[in-house]
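Shown next, in structure tokens, is the structure this report addresses.
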Amino acid sequence: MRMLYLIKPGEIELKLGNRREFIRRLKGHIHQRLAGIPHELEEYPGRFFLHVPREHAERVRFVLERCPGINGIASAIKTEKTPETIIRAVLETARAEVERGSKSFKIEVRRSDKSFPLDTYRMAVAAGDAVVEGIPELKVDVHNPDFIIMIEIRERAYVYSRTTPGPRGLPVGSQGKGLLLLSGGIDSPVAGCLMAKRGLALEAVYFHSYPYTSEEAQHKVEQLARRLAVWTGGITLWIVSFTEVQQRIKKGGNESANTLMLRMAMMQAADMIASRIGATALVTGESLGQVASQTAENMRLSQSPTSLPVFRPLIGIDKEDTIGMAKRMGTYEISILPNEDCCVLFSPKHPVLRPDFAGMKAYFASLELDGAIAEAVSASETKVFSFSEALSEFGWNEG
């Protein structure tokens, strides 16, 4: 037995001249994420209709709810375009809602086929009267109903009652590629997810400083990358050993500038990796004023080694809001595990808050880190986390 999902694309419908390219990408992502599951995807103006075996329905919904470019998903009944068959589907939908404990309802109708014999008002009245007569325990409430039965009259008629929100935004890859500076904290995975929802394909880089940071810290970041991959459709993680770079910074003697110098070195390394992979932007989880290294002056200095735009989607977001997003993503419980990253371990007691830009640039140059940074990038390790691995991270088995 098959189930039908009605999929509502959102922002891509506003793209006019290049809408077909956005639709092509979104359809491709849906197919790719459902690999191994028998499915049929139909496209009509403003809607996709996805047919899947009922035994896979729960997994498919999980996937669709995490596919950027989708505004909403609803399980629907497809029926012939006659008032009688539509009303039968409405009654079936209403009875299912009664089983959930619903007490009140409302009918809404969208009619793109103007040849249908009833206009939207008369179809809504006919359907509402049938529900009140056939299911007397349900009452009409047009202002605050427990559920809304939607009737869409197109090439066929579709009836559904609940729409689950999707991620919205744009299909991944429609806005190029970025490189995410991924740490083991709460913020950077959320930043990556937000940029993926704006259409940016992502690879990620993690800076590891063994033995100052443990193997467990790296495993934590790898787990975060796998969880992020459920939103991006898969991700490549670059692991860069930065121990030598940090030791050279520490030997420089200006303890208060250690974090700033490290951030600059990371940006320089990230710039080199971005050039290799064709990324046109860097992404960080920085938020203005959250920590000492995230003052406006410090962020200006830390990004100075790269000419690429640095996207900071959390720049004006409150920490509690970021935590809420991390919980919804499924990364929060991993991020709070007690494994510190290299930035935290080398943080000075009295960090610079308002650096002299020219002076600090000169100090960074005096550390002569170019060779060590290039060597670290050259020796970096990459790990590719597929979408199927991302699903397994959330407990879904293959197929």
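The values are calculated or read from the model by the stated rules, or taken from the named source; none is laboratory data. What you see is a predicted model, and the numbers here were worked out from it, not measured in a lab. Cβ placement follows ideal geometry from the backbone for every residue including glycine, while neighbour counts extend to all protein chains displayed. Areas reflect the complete protein model, heavy atoms only, side chains present, ligands, DNA and RNA absent. Shrake-Rupley method; radii C 1.70, N 1.55, O 1.52, S 1.80 Å.
General remarks:
- In segment 298-315, the count of residues that are under 27 Å from G173 (Cα atoms), basic (K, R) and not in a helix (DSSP H, G or I) is one or more.
- Among the residues making up segment 196-234, a single one is among the hydroxyl-bearing types (S, T, Y), in contact with a strand residue (DSSP E or B) (Cβ under 6 Å, 6 or more places away or on another chain) and within 21 Å of V377 (Cβ to Cβ): Y206.
- The set of residues in segment 80-91 being touching a residue at least 60 places away in the same chain (Cβ under 8 Å) and either charged (D, E, K, R) or in contact with a Lys or Arg (Cβ under 7 Å, 6 or more places away or on another chain) (or both) consists of E80, K81.
- Positions within segment 173-222 being under 24 Å from L16 (Cβ atoms) and touching a Ser or Thr at 6+ places or on another chain (Cβ under 6 Å), in sequence order: G176, A196, G199
- S115 meets each of the listed conditions (1) open to solvent by less than 60 Å² (accessible area, probe 1.4 Å); (2) not in a strand (DSSP E or B) apart from (1).
- Just one of the listed residues (D321, D370) is open to solvent by 70 Å² or more (accessible area, probe 1.4 Å) and either under 17 Å from the mean Cα position of the chain (by Cα) or of a type outside the set (D, E) (or both), namely D321.
- Residue in segment 2-12 that is under 21 Å from A196 (Cβ atoms), charged (D, E, K, R), open to solvent by 10 Å² or more (accessible area, probe 1.4 Å) and in a strand (DSSP E or B) present: yes
- Selected residue (criterion: farthest from P83 (Cα to Cα)) from residues of segment 93-112 that are open to solvent by less than 30 Å² (accessible area, probe 1.4 Å) and outside any helix (DSSP H, G or I): S102
- Scanning segment 138-156 for residues that are modelled with pLDDT of 95 or more, open to solvent by 70 Å² or more (accessible area, probe 1.4 Å) and of a type outside the set (V, I, T) gives K139, H143, N144, D146.
- Test: residue in segment 55-72 that is outside any strand (DSSP E or B) and without any contact (Cβ under 8 Å) to a residue 12 or more places away in the chain: yes
- For segment 210-240, taking the residues that are modelled with pLDDT of 95 or more and not in a helix (DSSP H, G or I), the one that is surrounded by the most Cβ atoms within 10 Å (Cβ to Cβ) is identified as I235.
- Within segment 375-389, the set of residues being open to solvent by less than 40 Å² (accessible area, probe 1.4 Å) and either free of Cβ contacts under 8 Å to residues at least 60 places away in the same chain or not in a strand (DSSP E or B) (or both) comprises A376, V377, S380, F387.
- Residues within segment 117-132 that are over 12 Å from A94 (Cα atoms) and out of contact with any Lys or Arg (no Cβ under 6 Å at 6 or more places or on another chain), tallied: 10
- Residue satisfying all of: in segment 268-309; surrounded by fewer than 18 Cβ atoms within 10 Å (Cβ to Cβ) and among the β-branched types (V, I, T); nearest to the chain's Cα centre (by Cα) among these: T280
- Meets criteria (more than 21 Å from L353 (Cα to Cα), buried (at least 22 other Cβ atoms within 10 Å of the Cβ) and of a type outside the set (D, E)) for S335: yes
- Residue within segment 30-38 that is under 20 Å from the mean Cα position of the chain (by Cα), modelled with pLDDT of 95 or more and not in a helix (DSSP H, G or I) present: yes
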